[in-house]
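The values are calculated or read from the model by the stated rules, or taken from the named source; none is laboratory data. These figures come from a predicted structure and were not determined experimentally. Ligands, DNA and RNA are excluded from the accessible area calculation, which covers all protein heavy atoms including side chains. Shrake-Rupley method; radii C 1.70, N 1.55, O 1.52, S 1.80 Å.
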Number of protein chains: 2
Amino acid sequence: MGVDHPAQVRLREPQDRVAGKWAIGILVAAAQGPVRFSELERRIEGISRRMLTLNLRKLEREGLLVRTVYPTVPPKVEYTCTEMALELHETLLSLVSWAGRHSADIARAHAAYDAGRASASA
Amino acid sequence: MGVDHPAQVRLREPQDRVAGKWAIGILVAAAQGPVRFSELERRIEGISRRMLTLNLRKLEREGLLVRTVYPTVPPKVEYTCTEMALELHETLLSLVSWAGRHSADIARAHAAYDAGRASASA
DNA sequence: CCGAATCCTAAATGATACTG
DNA sequence: CAGTATCATTTAGGATTCGG
C-alpha cells in the first residue's frame, strides 16, 4: 500500500508557504532515506507527475529536501530530507496518527453537522 | 500581541478538509478555554471577519470546535475545543515551535534556491 | 456582537501530451 | 527516468456591504 496522507501541512513565511497537498506523504517517505522520483510516484497514491514535481520543488526551495542528480543513463534523481525536515518528522507522524485515530469521528461530525443544517433549512 | 500562526495545518478526509489558513491560530487560542468571536478577531492578527467565520464553521463541522450561543443582548457566542482538538494541541504547538525555530533557515533556503535559479537562467 | 451575502482575485490541483 | 508545457477547473482568500 502506498503512503496515505490523511493530513496536510503548510508552513508559512511572511510571503510564502511550504508544500501543498502532498507534502506530508513526501516528507514521511523521504525521512527513512533518499527516495527517487519514480519511487515517490509509486508510493504516494493518486499524485500526478506534475504535482509531485511542484511539491518537490517547493520543499527543496524551503530547505526541507535536497535534490541530487546522478548524471547517468537513464537519469537518476534522489531526494533527501535535510536536518530541518527530520526535526519535523515526529510531529508529522503525530499528525498522521491523530488523523488516523479520528477519521471516523470526523466523518460522524460531518454527518451530524450537515444533518443539523438540513433540518434548519427545512 | 496577537497569536501569530507561523504554520498552517489542513487535515484531510476522503472528500473534505479541516481548516484553512487560520486554523492553528484558532485552535491554539481556543485550547486554553472558550473564546468569543470578537476575542478571536482581536487575537488573530490580520484575519478578516469573513475568514474567521468560515474557518470556525469548518472547524465546527469537523468536530474540533463546539459553538455555544448565549441568547443574550447583545449576543454572545463561545467556541470551545473538543476532546479531539485538545489531543491535537501538543502537535500543533510542535509545529508552531518548529516553524519558529527555523524561519530564518527557511528564509535563507529561499534566497539560496532563488539565487541558484537566477544564475542558471543567466 | 456575531454574523451572512456578494463580488472578485489568486492559488492549488488535475488531465494530457511532449522531451532530454 | 525524470521531468516540462499547456489548458482547464476548483478552492481559498480578501473587500465590502447588509442584517438580527
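A plus B alone minus the pair: what accessible area, both sides summed, probe 1.4 Å, in Å² to 100? If you can, show how the numbers build up before the last one.
On the way: alone 8180 and 8190 Å², together 12830 Å².
Separately minus together, A and B give about 3500 Å² buried.
Probe radius 1.4 Å, ligands and nucleic acids ignored: give me the carbon and sulfur share of the accessible area of region B:45-99 as a rounded percent.
Accessible surface attributable to carbon and sulfur in region B:45-99 totals 57 percent.
For B:LYS76, enumerate residues with amide H under 5 Å from its amide H, sequence gap 5+ or separate chain, H modeled in the peptide plane.
B:TYR70
Which lysines have a Cα less than 27 Å from the Cα of A:LYS21, not counting those fewer than 8 places away in the same chain?
Of all the lysines, those that pass the test against A:LYS21 - Cα under 27 Å, at least 8 places apart if same chain - are A:LYS58, A:LYS76, B:LYS21, B:LYS58.
In what order, largest first, do A:VAL69, A:VAL28 sit by accessible area if the probe radius is 1.4 Å?
A:VAL69, A:VAL28
Run the Debye formula on the Cα coordinates of region B:43-122, all scatterers equal and no solvent, and tell me log10 I(q)/I(0) at q = 0.19, 0.23 1/Å.
Listed by q, the Debye log ratios stand at -0.98, -1.14.
Heavy-atom accessible area of B:SER103 with all protein chains present, probe 1.4 Å, nearest 10 Å²?
Only protein atoms counted, so the area is about 40 Å².
What full-extension length gain, to one decimal in nm, is calculated for A:HIS89 and A:TYR70 as 0.36 nm per residue of separation minus the Cα-Cα distance? Display every interim value, and only then the final one.
On the way: separation 19, 0.36 × 19 = 6.84 nm, distance 2.63 nm.
Once the chain is fully extended between A:HIS89 and A:TYR70, it gains 4.2 nm.
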